[in-house]
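Remarks on the structure that follows.
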Amino acid sequence: MDLATLLGLVLGFTLIILAIVTSADLGLFLSLPSILIVVGGTFAAALIKFRVQSYLTGIKEGVSSAFFDRSDNPREIIALANRLSRIARRNGLLGLEDEPIDNPFFQKGVQMCVDGSAPEFIQEVLQKEMLLTIERKSVAEKVFRAIGDLAPAFGMIGTLVGLIAMLNNLDDPTKLGPGMALALITTLYGSVLAQLIFIPLADKLEMKSDELRNNMALIVDSVMGIYNGMNPQILDELLET
């Protein structure tokens, strides 16, 4: 669990709710029509921008990455590569067959080395898997950023709807205040949805994609260095750069 994501969301909503209840009735800020316009309109417009499969995959992958993915420490990858390279130089590549490797991508590369695959084939397979994995992560980031960009616009649409309804009741002054409040609530919903949830999550997904790309590239270099029997000290220096 990514505690920073969870803590940020909980803290943000808590502070907003506290600010509301200390200045007004919380019930004044709850509006079903506003929720339907902002939330429904935002997600519907995002669905138009993407294919259904990409949209659903992006939502699922985005939530999973933002809340549950843990990025590997590059230092740990380098240390593992150093240990495996020492074993391979001492016992040959077959000596790596029973070595415990937690990272599935690293495990796949080492297993191909053990199986005796050609180095060009190993590198091509690993690089293609890296590109496809990063592409899948980037779809999630694009979906979340699109939702974050659309939410304020639908907040403004809701405001315009509320203003039209309010202007239609100019002959009844008692309805002007509630009408204006209802019109502004949609802007609030859109801003909160964008600035507290989806844009920060999109930025986090982009950051995690960059970390994943760097780690996977590090693993590809590690696997090829191990395959080629590179001196562990030289491999360390290569990976450290």
Query raised in the report: Which FRET efficiency value, to the nearest 0.05, is calculated for ALA217 and ILE16 with the Förster distance at 51 angstrom and r the Cβ-Cβ distance?
Result: 0.80
Query - Accessible surface, the stretch 5-89, averaged per residue in Å² (probe 1.4 Å) - result: 62
**Report entry** Residues listed by number, the stretch 39-83, amide nitrogen under 18 Å from VAL161 label point at 7 Å toward C-beta
**Finding:** 39-48
Query raised in the report: Hey, any idea what % of the stretch 138-190's accessible area is carbon plus sulfur with a 1.4 Å probe?
Result: 75
Report summary line: Length gained, ASP69-LEU30, 0.36 nm per residue minus C-alpha separation, equals 10.7 nm
Requested in this report: Between beta-carbons, use under 9 Å as the cut-off and find the net charge around SER71, counting Lys and Arg +1, Asp and Glu -1.
Outcome: -1
Requested in this report: Please work out the ratio of the alpha-carbon Rg of the stretch 143-216 to 2.2 N^0.38 Å and round it to two decimals.
Outcome: 1.62
Report summary line: By the Cα gyration tensor axes a ≥ b ≥ c (a/c under 1.5 gives rounded; else a/b larger than b/c gives prolate, otherwise oblate), the shape of the stretch 1-124 is oblate
Query raised in the report: Mind listing P(r) for the stretch 46-96? All alpha-carbon pairs, 5 Å bins, whole percents.
Result: 4, 17, 12, 10, 10, 8, 9, 12, 9, 5, 3, 0
Query raised in the report: Given 0.36 nm per residue, what is the gain on full extension from ALA4 to THR241 after removing their alpha carbon distance, in nm?
Result: 82.4 nm
Query raised in the report: Given labels modelled 7 Å from the Cα in the Cβ direction, how far is it in nm from ALA79 to ILE234?
Result: 2.5
Query raised in the report: To the nearest Å, what is the center-to-center distance of the stretch 1-40 and the stretch 107-162, using C-alpha atoms only?
Result: 29
Query raised in the report: Distances over 21 Å make up what percent of all Cα-Cα pairs in the chain?
Result: 67
**Report entry** FRET efficiency for LYS60 and PHE121, using Cβ-Cβ distance with R0 set to 35 Å, rounded to 0.05
**Finding:** 0.65
**Report entry** Per-selection Rg to Rh, the stretch 80-132 - Cα, Kirkwood hydrodynamic radius
**Finding:** 0.97
Query - Cα-based reach from LYS204 at 14 Å (exclusive), listing aspartates and glutamates while leaving out same-chain residues under 8 positions away - result: ASP2, GLU61, ASP69, GLU141
Query raised in the report: To the nearest 0.05, how large is the calculated FRET efficiency for GLU99 and ARG51 if R₀ is 41 Å and r is the Cβ-Cβ distance?
Result: 0.50
**Report entry** Rounded if a/c under 1.5, otherwise prolate or oblate - the stretch 79-201, Cα gyration tensor axes
**Finding:** prolate
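The values are calculated or read from the model by the stated rules, or taken from the named source; none is laboratory data. What you are looking at is a predicted structure, and each value in this text was computed from that prediction instead of being measured. Because the Cβ atoms are built from the backbone with ideal geometry, glycine has one as well, and the counts that use them run over all protein chains shown. Please note that ligands, DNA and RNA were not included when accessible areas were found on the heavy atoms of the full protein model with its side chains. Shrake-Rupley method; radii C 1.70, N 1.55, O 1.52, S 1.80 Å.
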